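**Student:** Input: one structure, supplied below.
The values are calculated or read from the model by the stated rules, or taken from the named source; none is laboratory data. These numbers come from a predicted model, not from an experiment. No Cβ is skipped: glycine too gets one built from the backbone with ideal geometry, and neighbour counts run over all protein chains shown.
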Amino acid sequence: MISRLAWIVAITLGLTAGGFAFHFPGSYGEPAWSVPAGIFGFVLGAVNGLFTGVLAWVALRLSRGDGGRVVVTMVVIVGATHAINDGSSTQVPLVLVELLAGLVAAGTAAWILRARRPVTLAIIGLAWTLGLVVGGWSGDILGLPLTETPLGWAQDHAWDGLVAGLVWGTATAMIGLPNALIGHPSAITRGGHLDGS
């Protein structure tokens with residue numbers, strides 16, 4: 001229970017702070033696809049992912065190997081999400097952009113974290129997508145950004161990070177990701193829960 005709560009706090013804090021500092025998950029809004037914006041977005045997102053991954057590593061007190069896997073996972077997921085959002089065209093609906101980010105999250109979990117169960121991967125990907133979409137839409141409902149200034153944009157993106165962190169952190173905690181990373185035998189469950197492999 002403590003490891004799950006620590007995971008949620010670390011992921012949420014990392015994405016919120018990254019949103020404030022680096023405008024997570026990026027600036028969707030270019031009329032045409034932009035490779036330079038995507039590359040720059042990946043760099044900013046990778047730094048945010050690095051910070052978030054290190055927080056999760058420390059919160060779960062992981063070994064060097066397991067902690068390194070978490071850091072690389074978060075660098076790829078957040079970096080790719082930021083790149084996809086910054087480089088994408090407004091002609092593509094935001095939901096489709098975030099679904100692509102969710103596929104990256106699921107694929108990264110399969111590749112780096114070695115999660116293999118389809119239901120687990122679906123939860124990881126869909127929760128990431130849901131967090132991004134709900135964060136963006138709820139921010140719009142709240143009238144964010146309050147001002148069209150760097151501080152206003154930082155507040156708006158911190159909100160996005162907060163919501164995405166809470167949704168994804170909670171969903172992945174509920175399926176046992178923190179326990180599987182720690183290597184607890186109790187992480188071996190059925191029905192979409194991680195099996196620790």
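**Student:** Select, from L96, L50, the only residue that is assigned to a helix (DSSP H, G or I) and free of Cβ contacts under 8 Å to residues at least 12 places away in the same chain.
**Tutor:** L96
**Student:** Do we have any residue at all in the range 72-89 that's part of a helix (DSSP H, G or I) and surrounded by fewer than 21 Cβ atoms within 10 Å (Cβ to Cβ)?
**Tutor:** The answer is yes, given that some residue of the range 72-89 is part of a helix (DSSP H, G or I) and surrounded by fewer than 21 Cβ atoms within 10 Å (Cβ to Cβ).
**Student:** Follow-up question, since we're still on this one. Considering every residue within the range 146-159, establish whether at least one is surrounded by fewer than 17 Cβ atoms within 10 Å (Cβ to Cβ), modelled with pLDDT under 95, of a type outside the set (V, I, T) and closer than 19 Å to L177 by Cβ.
**Tutor:** No: the range 146-159 contains no residue that is surrounded by fewer than 17 Cβ atoms within 10 Å (Cβ to Cβ), modelled with pLDDT under 95, of a type outside the set (V, I, T) and closer than 19 Å to L177 by Cβ.
**Student:** I'd like to know if the range 53-75 contains one or more residues that are within 22 Å of P145 (Cα to Cα), touching a residue at least 40 places away in the same chain (Cβ under 8 Å) and either touching a Gly at 6+ places or on another chain (Cβ under 8 Å) or among the aliphatic types (A, V, I, L, M) (or both).
**Tutor:** No - not one qualifying residue is present in the range 53-75.
**Student:** Another one. Answer with yes or no whether A115 is outside any helix (DSSP H, G or I) and of a type in the set (A, V, I, L, M).
**Tutor:** yes
**Student:** Okay, next question. Does the range 32-53 hold any residues that are at pLDDT 95 or above and hydroxyl-bearing (S, T, Y), and which are they?
**Tutor:** Hit for the range 32-53 is T52, nothing else.
**Student:** Please tell me if W111 is surrounded by fewer than 23 Cβ atoms within 10 Å (Cβ to Cβ), under 16 Å from I8 (Cα atoms) and without any contact (Cβ under 8 Å) to a residue 24 or more places away in the chain.
**Tutor:** When the stated conditions are applied, W111 does not pass them.
**Student:** In the range 26-40, is there at least one residue being in a helix (DSSP H, G or I) and either buried (at least 24 other Cβ atoms within 10 Å of the Cβ) or touching a Lys or Arg at 6+ places or on another chain (Cβ under 9 Å) (or both)?
**Tutor:** No: zero hits.
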